[in-house]
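Notes follow the structure.
Any read-out appearing in this document is the output of simple, stated calculations on the displayed coordinates, not a laboratory observation. The shown structure was predicted, so the numbers you read here are calculated from the model rather than taken from an experiment. Note that we place each Cβ from the backbone using ideal geometry, even for glycine, and neighbour counts take in every protein chain shown.
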Amino acid sequence: MIRHRPFGSGHPYAETEDQRVPARPLDGQPVELRVRASARVVSVVCDWTVDGAAPVELPLTKRIADDPPATDTTTDAAGESVGGAAGGPPGDRPDVVDGGHLAAAQARTARAAAGSWSVHTPVVNAGSRYAYRFRATTDDGASRASRWFEMTAARWSDAGGKLNVEGGDRIVPGSVRWLADGDGVLRVRFELALEPDEHVVGFGERFDAVDQRGRALDAVVFEQYKAQGRHGRTYLPMPFAMVVGGRASWGWHVQTSRRTWYDVGAARPGRIVVEAETGQDGELGVRFHGGDAPADVLRGFLDDVGRPTELPDWVFRLWASGNEWNTQERVLAEMDRHREHDIPVGALVIEAWSDETTFTAFRGATYEPSEEPHELADYTFPADGPWPDPKGMVDELHRRDVKVLLWQIPLQKMRPHPGHQAAVDARQLVERGYGVREADGRPYRNRGWWFPLALMPDLSCQEVRDWWTAKRRYLVEEVGIDGFKTDGGEHAWGHDLRYADGRDGAAGNGRFPVHYARAFGDLLRACGKAPVTFSRAGFAGSQPHGAFWAGDEDSTWEAFRSSIRAGITASACGIVYWGWDLAGFSGPVPDAELYLRAAGASAFMPIMQYHSEFNHHRTPVRDRTPWNVAAQTGDGRVIPVFRQLAGLRERLVPYLAEQARTAVGGGAPLMRGLFFDHPDDPEVWRHPLQFKLGDALLITPVTEPNISKISVYLPEGSWVDVWTGRDLTGGRTVTLPAPLDRPPVLCAAEHWSRLSPVFAA
């Protein structure tokens, strides 16, 4: 009849129609209490009591369904933010309802608003304890009451917790403040000095800017479907950043997996304000890292969270993928087209392979459900089915020198109600207590918009990781799979979830994608394979676990620019193997110019791959293959130029492998902003989309349409135009031709003799 969840769904950027606002009440402010009610409810009353006194009645009013959603911004009596250092979670937009990518998610939100009631309480004060419940009356006069809820008000003060600082202390004296309510410390805030000539880079993968100075942001794992650059949200945040451009490079790591916020000189130009959630003990660690160069700072951070693991050379070849490649015949046909057009491909990602109830069985296979992991012999693959011979297919692809990865999701689907093997897996997960749990011990049911109400395995536990991956072991050992696309690690919502490693949701949710990629990497290692996973979600500690891509984006020039920023910032936090869906994966196919410009840039990124979104098999086909883009655009340049770029990429593989080995060993990142090698050059910040690929190559992506020449900044040193062999002196800006088949690339002169053959073919 009525529902009230004080903390709502756990969505980090949106309120729900049944929550308390703010969820953590603040001293000297009223609180809005919301409930969801069935259509038959005609009135709702709140019984409100203070410090055990007799309750008073507060009548609720029905909310208007089309009210714009409120933000998470709240302030205390002194006007201080509780939603973040800048006054609320950055990126909130009044047109964002639920942040989801499915129309059903938006529809659910609209329905929720239609049945929502609310009341504003009197002002609440620190030191008192408040309790409330709701009573609803239906149109037939029946009445029902909710349980009682308790809360206290929080306020900021100069004491309350403990800040453990290592590696030197850059915290501004007197800036540390603590937010606490009647049950303990909730957050801490402190300030760092920022000099006028300093720039701030990091915070994980960031789509909106390379230099975050003048911006406000947070670090929480979130699935933002497309337009990440406009919303300031990311799948792969980290509570780490480095400061570059002053007397020396330095950085800091907030040693937590809980949510953090940053105002990087936005409110006050000379200050970085850091705010972080704390555990019940009120303690937080901060470690500062310094050095002569940004690489030294990064090396110190990686000593904290783990160094990247070297992956095999084949990851640097072209990756091919399409969500609608859902049969063995279609997969082999697309690989035949690569051979037909002489476009080399090194890795194939098959997304639509499984029954999508277990993510362990090929669609169309027949088999008996089992409590124990299956072997390949347990399956029968009908000759007229979608996958008549998976092992034969993989063997054939290996003969063609193509590696194979399969798509995964870390959920046990529960809608529709599971049957067959999915029912066995769900029962095991529940009966053995292998799932992430709600605070009351019930299995957590996914609150997000993708696979709603699914169960989630608790991958913080080694026993659960072994159980979950054992069901997939035959895919590696017998079918011969070479890796996994570990998609969708962002499904844990809620601060009060419970994990087997002792963390609550506030501390454990950000760690989930780390455990997820680790689990599949361990499986691959155990089967004698390299730990090649391909993830979009992550956190500090993800660095040792495989490769990453920048998530879901449209085929637009804006998304192209955002993705380059994402690669530069992810690398600044120690992600070595990174790529994106070149030219975007969603919507109509890109025009020929965008596609080839994106391919030209991707040929000089750590991972070069194309991919396309599910389009319900409608026509025109939206594959991002060069032949489909050529057919859809009618542009005859697409296939020959893409062939040329893919061939160049093949010749680059030895260099990429060598430079990745250096990065993994503690050197500068493979893909890196110019500031890594030229931290004292203020001009590099005026060219944020230029980047180095290893020690030798300087890349200038063409990210605007209708360009035939481009302005390129050359840092100090001697450079060579790789297409003409022309020598160029650094420390200046030059204009270079930018034809579609020759993306602007320069080589450091000292490396040209060994790399010139790569560009001579």
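A few remarks follow.
- Annotation: amide H-H contacts under 5 Å for SER43 (H modelled 1.01 Å from N, sequence separation of 5 or more, or interchain): THR137.
- With the convex hull of its Cα atoms as the shape, the range 525-585 has an orientation-averaged projected area of 4.5 nm².
- Summary of packing: across the peptides 616-625, 340-349, the per-residue average of other C-beta atoms within 10 Å ranks them, highest first, as 340-349, 616-625.
- Rg followed by Dmax, in Å, when the range 313-664 is reduced to its Cα trace: 20.0, 62
- By DSSP, the beta bridges lying fully in the chain are antiparallel in about 80 percent of cases.
- Cα-based helix-to-principal-axis angle, 420-431 vs the chain, degrees rounded to 10: 50
- Formal net charge of residues neighbouring TRP250 (Cβ-Cβ distance under 10 Å; K, R +1; D, E -1): 0
- Here's the list of lysines a cross-link from LYS403 could span, going by alpha-carbon distance under 26 Å and ignoring same-chain residues fewer than 8 apart: LYS391, LYS471, LYS485, LYS529.
- Taking every C-alpha pair closer than 8 Å and separated by at least 6 residues, the mean separation divided by the residue count of the chain gives a relative contact order of 11 percent.
- Along the range 595-603 the Karplus relation, 6.51 cos²θ - 1.76 cosθ + 1.60 evaluated at θ = phi - 60°, assigns HN-Hα couplings of 4, 6, 5, 5, 5, x, 6, 5, 4 Hz to successive residues, with x for each Gly and Pro.
- Solution diffusion estimate, µm²/s, Stokes-Einstein, the range 273-320, Kirkwood Rh from C-alpha pairs, 10 °C, viscosity 1.306 mPa s: 109
- Extension gain from ARG686 to ASP183, taking 0.36 nm per residue of separation minus the Cα-Cα distance: 176.3 nm
- Neighbourhood net charge (13 Å Cβ-Cβ; Lys/Arg +1, Asp/Glu -1) for ALA749: -3
- Taking amide hydrogens as placed 1.01 Å from N in the peptide plane, the amide H of TRP549 sits under 5 Å from those of SER535, ARG536, GLY579, each at least 5 positions away in sequence or on another chain.
- Placing a pseudo-label 7 Å from each Cα along the Cα-to-Cβ vector at ALA159 and LYS709 gives an inter-label distance of 6.9 nm.
- Considering helices alone, the calculated mean residue ellipticity of the chain at 222 nm is -6500 deg cm²/dmol, with DSSP H runs of length four and up weighted by -39500 (n - 2.57) and normalised per residue.
- Rounded tilt (10° steps) of 512-526 against the dominant C-alpha axis of the chain: 40
- By the Kirkwood approach, averaging reciprocal distances over each pair of separate Cα atoms, the range 109-187 gets a hydrodynamic radius of 16.9 Å.
- In the range 158-291, one over the average inverse separation of all distinct C-alpha pairs is 15.3 Å, which is the Kirkwood hydrodynamic radius.
- FRET efficiency for the SER128 to LYS62 pair, using the beta carbon distance and R₀ = 35 Å, is estimated at 0.75.
- Point-to-point label distance, SER143-ASP197, nm (Cα→Cβ direction, 7 Å offset): 7.3
- For TRP314, TRP549, the sequence from fewest to most other C-beta atoms within 10 Å is TRP314, TRP549.
- Working note: Cα atoms of the range 671-760, range along each principal axis, descending, whole Å: 34, 33, 22.
- The range 158-291: antiparallel DSSP beta bridges as a percent of all, rounded to 5: 90
- With Cα atoms as the point set, the chain shows a radius of gyration and Dmax of 26.9, 88 Å.
- Take the Cβ atoms of GLU371 and ALA761, set R0 to 51 Å, and the FRET efficiency comes out at 0.35.
- Rg followed by Dmax, in Å, when the range 267-407 is reduced to its Cα trace: 23.8, 69
- Cα-based Kirkwood hydrodynamic radius, the range 628-726, one decimal, Å: 15.9
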